[in-house]
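The values are calculated or read from the model by the stated rules, or taken from the named source; none is laboratory data. Just so it is clear, the structure is predicted and the values come from calculations on it, not from any experiment. Using ideal geometry, Cβ is built from the backbone for each residue, glycine included, and neighbour counts are taken over all protein chains shown.
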Amino acid sequence: MRIAFVGKGGSGKTTSAAVFSRYLAELGRPVLAIDADINQHLGQALGYDGPPPRALGSDLPWLKDHLRGTNPRIASAAAMIKTTPPGRGSLLLDLDPDGELLQRFSVQAGGVRHLVTGEFDEADIGVSCYHSRPARWSCTSTTSSTAPASTWSST
Ligand SMILES: Nc1ncnc2c1ncn2[C@@H]1O[C@H](COP(=O)(O)OP(=O)(O)OP(=O)(O)O)[C@@H](O)[C@H]1O
Ligand SMILES: [Mg+2]
């Protein structure tokens, strides 16, 4: 299940996402909390005070290459554009904490596995989430599943 916390500035998105994520984690559910907010404070709200996690947007070539997997329709990471859909052979972001993507980008924060998209720049402001730079691969703030290794598609 994917759950997004959206709303106007200062409406409580980050606080709600943090509290809800921690609640699910306390219930023993696998949770992946992704901060795609312009103000990247979810880690802090989760109680995390370690070094900042590596941002998904900081290494898009690696991320694209990983997600295209062995999909024969996508010749290279460079050929992958914002709207390229996944297909046979593509990898999707999953909740396996030992998976390559979570090992590379996530940290453990307040009992919750946590990812950040990274800061937005000028060109990202005012565009829809679907097309915005760091969030283009992951529009949700929080995703959780009752299944240990269920996957979800990034957009
Ligand atoms: N349910 C609540 N009751 C009272 N205050 C709240 C509640 N939820 C959040 N707040 C407070 O409102 C302020 C804004 O909350 P938060 O940072 O979660 O909003 P946001 O939508 O993520 O903001 P931004 O758009 O700046 O990212 C914070 O000071 C937070 O402590
Ligand atoms: Mg916020």
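Just give me the residues in the stretch 17-41 being within 15 Å of R2 (Cβ to Cβ) and of a type in the set (S, T, Y), in sequence order. Within the stretch 17-41, S21 is the sole residue that qualifies. Looking at the stretch 42-50, can you tell me whether even one residue there is outside any helix (DSSP H, G or I), within 21 Å of A4 (Cβ to Cβ) and either within 16 Å of ligand 1 (Cβ to nearest atom) or at pLDDT 95 or above (or both)? Yes, the stretch 42-50 contains at least one residue that is outside any helix (DSSP H, G or I), within 21 Å of A4 (Cβ to Cβ) and either within 16 Å of ligand 1 (Cβ to nearest atom) or at pLDDT 95 or above (or both).
Residues in the stretch 33-45: is at least one exposed (fewer than 12 other Cβ atoms within 10 Å of the Cβ) and either without any contact (Cβ under 8 Å) to a residue 24 or more places away in the chain or at positive phi (or both)? Give the derivation first.
The initial filter retains those residues of the stretch 33-45 that are exposed (fewer than 12 other Cβ atoms within 10 Å of the Cβ), namely none.
Checking the stretch 33-45: not a single residue is exposed (fewer than 12 other Cβ atoms within 10 Å of the Cβ) and either without any contact (Cβ under 8 Å) to a residue 24 or more places away in the chain or at positive phi (or both).
The one condition from (1) surrounded by fewer than 15 Cβ atoms within 10 Å (Cβ to Cβ); (2) modelled with pLDDT under 65; (3) closer than 25 Å to G50 by Cα that V127 does not meet is (3). Only residues that are within 10 Å of ligand 2 (Cβ to nearest atom), in a helix (DSSP H, G or I) and surrounded by fewer than 21 Cβ atoms within 10 Å (Cβ to Cβ) were counted in the stretch 1-24, giving 2.
Taking each residue of the stretch 67-91 that is surrounded by fewer than 12 Cβ atoms within 10 Å (Cβ to Cβ) and looking for partners that are at pLDDT 90 or above with beta-carbon atoms closer than 6 Å, six or more apart or interchain, yields T70/G89.
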